[in-house]
Amino acid sequence: MIKRPNILWYCTDQQRFDTIGALGNPHVQTPHLDSLVREGIAFTHAYCQSPVCTPSRASFMTGLYPSRVHNTRNGNDRFPGSPPLISKLIADSGYECGLIGKFHLVSAGERPEPRLDDGFSYWQHSHAPRDDWPEGTHAYADWVREQGQDLDAMRTSDDRVDPEYHQTKWASDCAVDFVSEKRDKPWLLNINVYDPHPPFVPPAEYARRFKAEDMPGPYFKESDLDAQKALRSIDFQGEPATPEDLDVKNIQAKYYAMIAQIDDQFARILRALDDTGQRDNTVIIFTSDHGEALGDHGLMKKGCRFYEGLTRVPLIFSWPGVFQHGRQCGDLVELLDLSATLLDLVGIPIPEYHQGRSLLSVLKEEGASPRKSVRCEYFDALDSQFTGGSGSFGTMYRTERYKLSMYHDKGLGELYDLENDPWEFENLWNDPLHAHLKNRLVLESFNSHVNLTTDVGSKRIAPM
């Protein structure tokens, strides 16, 4: 009988796709992620299914698009009772499953996040690196207190949180403990650190490594301001402004500092796998739930837009001797495909309802992703009182060459030729020369939405 692999699944929060040195960014410091890229396979065009936390996580934890799973919002009261989470399916198949850090399938605002039927027997929950929840409900804050430290005082100090007491370091401590435990069954460990999510407050020790003047800055043109003003009624966290007014290079330096700390702490977990002799039988996955605008097009943070920095995320797999070595695959994939691949890896038949497509054959041998397009949704995902919007509804449909974004409640849209305009500066939506192309893509996007997100109800048992 083939031994089923362990799975180490590391998911950051709000990390753009273009933040890893080996994938083309000379300004970051990610030596350990670079090594993972060289020894594994990196999907360079992986897209989340929502540019906001909860709907994205709900999607890849169930295998359904956010609208199909009926969970499109941050701040949601409760989670649907079906389908089962993939962690539950994997646990029921004989795996010991653990979670460290954020989960965020249900609101953790003004209350601890309620547990679901999630399959995790090891649960070290920390929604965010703040001390905002009662003792006994926030594992990280409780740990900080046990070390005799004051988390709120550190967060507001000039040096910020000491790296020794940082949530990213705590998560690695927990992970090392988990993978070092002797057990007679395979395991899955899902690690979800909060960084590099705003606020951009890395420890001073890491912040000193990066200078604002050395940063490349955002993808921005002056014409972006007028373009974003035309979209101002659509939900987004903040008003558009120039990179100088947004202080983007300074924030970019802090963002990269947070990623450098992630890289250092991720390395500790990899060393624990080596030290315990488990590396060769452990599938390692590194990804993020969605991206960050980081000044592109005059925007910061996230909201109802579908630019590359917001919807495209890192996705790296490694399994020595089994998966391809050193390949960068540019095929279109979705985070739904990650969850389908996890089920396939552990030998669970992918449920009929599941909308992801396993990448296992691509991982093991030269081959192409089964997707010709990807989609992303924003359906009233953020509270409009924090975005200045009115509860927007938008979808993205991306083919190999073109990206169509439609803001359905506003009658507005964007169309980009990514072959000639990879950073989305020239909106062809109203260009008469591209009217036929727009109409075709609108139809394709509509068909994709109907075919993929319509819930037809219960199983048919008779012809009438």
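FYI, it's all coordinate maths here, none of it is from the lab. The structure presented is a predicted model; accordingly, all values stated were derived computationally and were not measured. Reconstructed Cβ throughout: ideal geometry from the backbone, glycine too, with neighbour counts over all protein chains shown.
Label-to-label distance, residue 158 versus residue 385, with points set 7 angstrom from Cα along the beta-carbon direction: 3.7 nm. The Cβ shell under 15 Å around residue 16 holds other residues with a net charge of -4, Lys and Arg each +1, Asp and Glu each -1. Full extension of the chain between residue 204 and residue 443 gives 81.0 nm of extra length, using 0.36 nm per residue less the Cα-Cα distance. Projecting the Cα atoms of 353, 446, 127 onto the charge dipole of the chain (Cβ charges, centred on the Cα centre) puts 353 farthest toward the positive pole.
Alpha carbon centre of region 221-261 versus region 354-378: separation in Å? Computed from Cα coordinates, the inter-centre distance equals 31 Å.
For the listed residue pairs 102/410; 182/364; 3/102; 229/403; 102/372; 410/438, the alpha carbons are over 23 angstrom apart in 102/410; 182/364; 3/102; 102/372. So, counting K/R as plus one and D/E as minus one, what does the shell of residues with Cβ under 14 Å around residue 192 add up to? That works out to -3. Here is how the number arises for the chain: DSSP H runs of 4 or more residues each give -39500 (n - 2.57), the sum is divided by the residue count, and the result at 222 nm is -8500 deg cm²/dmol. Placing dummy labels 7 Å off each Cα toward the beta-carbon, the span from residue 39 to residue 458 is 5.1 nm. Relative contact order, whole percent, for region 256-384 stands at 20, derived from Cα pairs under 8 Å and 6 or more residues apart. Measuring nothing but how far apart in sequence close Cα pairs (under 8 Å, 6+ apart) lie, relative to its length, the chain scores a relative contact order of 24 percent.
Between the C-alpha center of region 383-462 and that of region 189-208 there is a gap of 32 Å.
Label positions at residue 225 and residue 408, each projected 7 Å from the Cα along the C-beta direction, are separated by 3.4 nm. Restriction of the GluC sites (Glu not before Pro) in region 208-282 to DSSP coil positions whose beta-carbon has at most 14 other beta-carbons within 10 angstrom yields 222. For residue 276 and residue 93, the difference between the fully extended length at 0.36 nm per residue and the C-alpha to C-alpha distance is 63.5 nm. Determine the shape class of region 6-368: with a ≥ b ≥ c the square roots of the Cα gyration tensor eigenvalues, call it rounded for a/c under 1.5, and otherwise prolate if a/b is greater than b/c, oblate otherwise. Because its axes are fairly even, with a/c under 1.5, region 6-368 counts as rounded.
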